[in-house]
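Participant: Here you go, one structure.
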Amino acid sequence: MKISVIGLGYLGAVHAAAMAKLGHDVIGLDADATRVSVLSGGQAPFFEPGLPELLDEALSTGRLRFSTDYADVEGATVHFVCVGTPQKCAENAADLRFIDAAFAELLTHLADGDVVVGKSTVPVGTAERLAEEMVATAPGAALVWNPEFLREGLAVQDTLHPDRLVYGLAAGDETSETVLNEVYATPLSEGIPLVVTDYATAQLVKVAANSFLATKISFINAMAELCETTGADVTQLADAIGHDVRIGRKFLNAGLGFGGGCLPKDIRAFMARAGELGADQALAFLREVDSINMRRRVRMVDLARDVCGGSIVGRKVAVLGAAFKPNSDDVRDSPALSVAAQMQLQGAEVVVTDPQAIANAEAKYPDLTYVSSAEEAAADAELVLLLTEWAEYVQLDPRALGKVVAEPRILDGRNVLDPAAWRDAGWTYRALGRP
Ligand code: UDX
């Protein structure tokens, strides 16, 4: 099939390459000329495991091209809209500028029978509004809402083999369902579950899923707060409750909490939208989910002050990790960077390292000091903070690292180190929610 993908960020770039891999003829479109030329050269504009290989493979077939010119989407019959919907400045609501601009441009290039597929995360009601606009400008085209659930770091796998597919269709639009079934013929043949529904449900599925995940993380972090006051161990508590199949162990890792370009802004936008719909009470709990999450960052700084004997002023602190999670270079709402910046603000001398995210971190927080390895960051440090659980930090040898620091003190912000191994090597080990 001939497919266009509008917006080549973490979602769209992977989606475009994956669609080509599935055998389709794909044109990827983005307003950013640098991004388009990087992708055309077979390079990923951000760190995503497996994406360079996927791009290489897709480009070599000749079925994947990139452009900045909307006229190039003409000829494609299915158009995926993958642009970002970030949080508005100083407001909880989602900023729909990019999606509105993408639709305004796209609609002038559609032909009768084309299917526009919204993948961006939007406030419920957006698809209905955009469908109305389409009736006015491109009456022969149809709109489907098909939310995306990919995780950064696992985006290639999640796009090629999603947990489920959701189609939100206009009433009676069986044609678009058939078209999407053809687009997704390969994953569907693997038996991937398909939910066919209306616009409202499809849009809500995405924010409901992210709200549930955020709630699960904040639940265990709330338990961590209780563990801290009672001397209990939140990791054992999570293991024990996680054995109950109704609860499950996934997304029960207590620590510094969630960040990134999705969970934080999606729960806030969801609350804002519920407020507009007069249903704010239904999501009042998400305010608490957000507060618990933000409190973890404050608690981390407090813990750092604690182990440094009451003050971090002038203390040399090594921060391991800047990305919001491992296997990503994304620093949007990164808990690690937020703690690093807060500690610097409070007078510590902070040195940050990360295997992939230094360039993005530096652009956002130019005042922090960055080095390229954990050993360099830890040199002469009076405190080491592990804030993003990259495998290379989890596997650090406490004895070797103990030789380069000024004081062997470590805070495990992700509960991934073996406390006994670090203590045996002479370290003061502290973590969130553990004795
Ligand atoms: C998330 C959703 O998982 C995905 O389905 C959606 O499409 C986009 O948002 P992502 O932001 O890539 O994906 O990351 P995810 O793996 O969900 O992690 C989110 C945050 O939660 C990270 O900061 C991570 O460190 C944190 N987290 C995750 C925890 O603190 N504890 C956990 O147990 C799991």
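Participant: Just report the Cα centroid separation between the stretch 218-242 and the stretch 73-122, whole Å.
Facilitator: A separation of 42 Å, based on Cα centres.
Participant: Continuing with this model, one more query. Of S37, I6, L150, which is farthest on the positive side of the dipole of the stretch 1-153, counting Cα position, with +1 on Lys and Arg Cβ, -1 on Asp and Glu Cβ, and the Cα centre as origin?
Facilitator: With unit charges placed on the Cβ atoms, the residue in question is L150.
Participant: How do Y167, Y10 rank by accessible surface area computed with a 1.4 Å probe, from largest to smallest?
Facilitator: Ranked list, largest accessible area first: Y10, Y167.
Participant: Please give the charge dipole size of the stretch 209-288, origin at the Cα centre, charges +1 on K and R Cβ atoms and -1 on D and E Cβ atoms. Round to the nearest 20 debye.
Facilitator: 300
Participant: Is the shape of the stretch 19-74 rounded, prolate or oblate, going by the alpha carbon gyration tensor and its root eigenvalues a ≥ b ≥ c, with a/c under 1.5 for rounded and a/b larger than b/c for prolate?
Facilitator: Oblate is the answer for the stretch 19-74, as a/c is 1.5 or above yet b/c matches or exceeds a/b.
Participant: Let me ask another. When only Cα pairs under 8 Å and 6 or more residues apart are kept, what is the percent relative contact order across the chain?
Facilitator: 12
Participant: Relative contact order for the stretch 2-192: what is it in percent, counting Cα pairs under 8 Å that are at least 6 residues apart?
Facilitator: 20
Participant: Let me make sure I get this right: for the stretch 389-435, a, b and c are the square roots of the gyration tensor eigenvalues over alpha carbons, sorted descending. Under 1.5 in a/c it's rounded, otherwise prolate if a/b > b/c, else oblate. Which is it?
Facilitator: Since a/c reaches 1.5 but b/c is at least a/b, the shape of the stretch 389-435 is classed as oblate.
Participant: Please list K216, K250 in order of solvent-accessible area, largest first, computed with a 1.4 Å probe with all protein chains present.
Facilitator: K250, K216
Participant: Can you list residues from other chains, or at least 5 along the same chain, whose modelled amide H is less than 5 Å from the amide H of D114?
Facilitator: For D114, whose amide H was placed from the backbone, the distant partners under 5 Å are A142.
Participant: Determine the dipole magnitude for the chain: charges of +1 sit on the beta-carbon of Lys and Arg, -1 on that of Asp and Glu, nothing else is charged, the reference point is the Cα centre, and the result goes in debye to the nearest 20.
Facilitator: Around 1260 debye, computed over the chain.
Participant: Considering the options G28, V73, V301, tell which one lies farthest towards the positive end of the dipole of the chain, charges being +1 on Lys and Arg and -1 on Asp and Glu at the Cβ, about the Cα centre.
Facilitator: The listed residue farthest towards the positive side: V301.
Participant: What accessible area per residue, rounded to a whole number of Å², is obtained for the stretch 2-192 using a probe radius of 1.4 Å?
Facilitator: So the stretch 2-192 comes to 40 Å² accessible per residue, rounded to a whole number.
Participant: With charges only on Cβ, +1 for K and R and -1 for D and E, what is the dipole size of the stretch 1-112 about its Cα centre, in debye, rounded to 20?
Facilitator: That gives the stretch 1-112 a dipole magnitude of about 140 debye.
Participant: With a 1.4 Å probe and all protein chains in place, put M223, M300 in order of accessible area, largest first.
Facilitator: The most accessible residue leads, giving M223, M300.
Participant: What does the charge add up to near D354, with Lys and Arg as +1, Asp and Glu as -1, over the other residues with Cβ less than 13 Å from its Cβ?
Facilitator: Residues near D354 contribute -4 overall.
Participant: Let me ask you something else. Convert each backbone phi in the stretch 50-61 into a coupling constant with the Karplus relation 6.51 cos²θ - 1.76 cosθ + 1.60 (shift: θ = phi - 60°), then list the ³J(HN,Hα) values in order as whole Hz, x for Gly and Pro.
Facilitator: x, 5, x, 5, 5, 4, 3, 4, 5, 5, 5, 7
Participant: Shifting gears a bit: Taking the Cα-to-Cβ direction at A136 and at R151 and moving 7 Å from each Cα, how far apart do the two end points lie in nm?
Facilitator: 4.2
Participant: May I pose another question? With the cut-off at 1.5 for a/c, could you classify the stretch 139-223 from its C-alpha gyration tensor as rounded, prolate or oblate?
Facilitator: oblate
Participant: Next up: Which listed residue (A336, A359, V394) has the Cα farthest towards the positive end of the charge dipole for the stretch 295-431, taking +1 on Lys and Arg C-beta and -1 on Asp and Glu C-beta about the Cα centre?
Facilitator: The Cα lying farthest towards the positive end belongs to A336.
The values are calculated or read from the model by the stated rules, or taken from the named source; none is laboratory data. This one's a predicted model, so the numbers in the text were calculated from it and none came from an experiment. Cβ coordinates were reconstructed from backbone atoms using ideal geometry, including for glycine residues, and neighbour counts include every protein chain displayed. Just the protein is used for accessible areas: all its heavy atoms, side chains included, with ligands, DNA and RNA removed. Shrake-Rupley method; radii C 1.70, N 1.55, O 1.52, S 1.80 Å.
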